[in-house]
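Everything on this sheet refers to the single structure shown next.
The values are calculated or read from the model by the stated rules, or taken from the named source; none is laboratory data. Given the structure is predicted, the values throughout are model-derived calculations rather than measurements. Here the Cβ positions follow ideal geometry from the backbone for every residue, glycine too, while neighbour counts run over all protein chains shown.
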Amino acid sequence: MIAFLSGKLLEKQANSVILDVAGVGYDVTIPLSTFYELGEVGSDVQLRIYTHVREDAIQLFGFRTERERDIYLKLLSVQGVGAKSAITMLSGMNADEIVAAIRTNNLAKLTAIPGVGKKTAERLVVELRDKVAELAAGDSSSARAANAASDADSDFDDALSALVNLGYQKHAAESALQKARENGTEPGVQKLLRAALQLLAK
């Protein structure tokens, strides 16, 4: 089972990367919280890996920190939460926000994540409230600022595509991104995504 990968970043998207490890390219699904922390293509990257084995496929899910992977594994342990939906949760909120929402029984915040209904949110709170207490004191990883300003329309389209892939309705995603722009969000896919996700979670 693959638990860790270290190599060069060949490609990156909001929800996946291709990592070159000794000439072998690994396709790894990531949450937005990890995407925010990645460097540019060609940079060295180390990811903690969860290997998900199904009858018809082997999928790799990657995380920048061990704490992030620990929270992911705890989410997976809840009935009704699958490998991809747990990634979506870590994309909708960062690890610290998820821990806080579970500990404070904040069902409204949890159900704001695409694919998380009231029953799933309730199960998350009931099953994980005590388990996440030990993680509450963990260090918060701050996102690195997006490096370069690229074409604004391209940034908007890339951010929109990422939100739709995460399960948000296209119209709602477009409105949130437009509002983020109007609020003075700086250029860059990562910053647009972060601002839009904050608006969508309200």
For region 181-198, the count of residues that are crowded, with 16+ Cβ neighbours inside 10 Å and within 19 Å of the chain's Cα centre (by Cα) equals 10
Residues of region 19-74 being hydrophobic (A, V, I, L, M, F, W, C), within 14 Å of the chain's Cα centre (by Cα) and part of a loop (DSSP other than H, G, I, E, B), which ones? I30, L38
Take region 117-139 and flag every residue that is at pLDDT below 90, among the small types (G, A, S) and in a helix (DSSP H, G or I). A133
Result of the Cβ filter at 8 Å on region 180-202, keeping first residues that are in contact (Cβ under 8 Å) with a residue 24 or more places away in the chain and partners that are of a type in the set (S, T, Y) and surrounded by fewer than 16 Cβ atoms within 10 Å (Cβ to Cβ), at least 6 apart or interchain, is P187/S150; G188/S150; V189/S150
Selection from region 35-56 of residues under 22 Å from A159 (Cβ atoms) and hydrophobic (A, V, I, L, M, F, W, C) yields F35, L38, V41, V45
The condition of being modelled with pLDDT of 90 or more and either not assigned by TED's automatic domain parsing to the domain that holds N165 or not in a strand (DSSP E or B) (or both) holds, among K8, K84, only for K8
Identify, by number, the condition in (1) in a helix (DSSP H, G or I); (2) surrounded by fewer than 20 Cβ atoms within 10 Å (Cβ to Cβ) that P114 doesn't meet. (1)
Which residues, taken from region 94-112, are farther than 20 Å from Q13 by Cβ, under 14 Å from the mean Cα position of the chain (by Cα) and in contact (Cβ under 8 Å) with a residue 40 or more places away in the chain? A95, D96
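So, of the residues in region 160-179 that are touching a residue at least 40 places away in the same chain (Cβ under 8 Å) and assigned to a helix (DSSP H, G or I), which turns out to be surrounded by the most Cβ atoms within 10 Å (Cβ to Cβ)? Steps first, please.
Within region 160-179, the subset touching a residue at least 40 places away in the same chain (Cβ under 8 Å) is 161-162, 165-168.
Add one more test, that the residue is assigned to a helix (DSSP H, G or I), and what stays is 161-162, 165.
Numbers: S161: 16, A162: 23, N165: 16.
Among those that are touching a residue at least 40 places away in the same chain (Cβ under 8 Å) and assigned to a helix (DSSP H, G or I), it is A162.
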So how many residues does region 82-100 have that are over 18 Å from D130 (Cα atoms) and touching a Leu at 6+ places or on another chain (Cβ under 7 Å)? 6
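Does A180 fit the bill of being modelled with pLDDT of 85 or more, closer than 13 Å to G92 by Cβ and of a type in the set (A, V, I, L, M)?
Details: modelled with pLDDT of 85 or more: yes; closer than 13 Å to G92 by Cβ: no; of a type in the set (A, V, I, L, M): yes.
Answer is no for this residue.
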Which condition number in (1) in contact (Cβ under 8 Å) with a residue 12 or more places away in the chain; (2) not assigned by TED's automatic domain parsing to the domain that holds K118 is the one that E55 fails? (1)
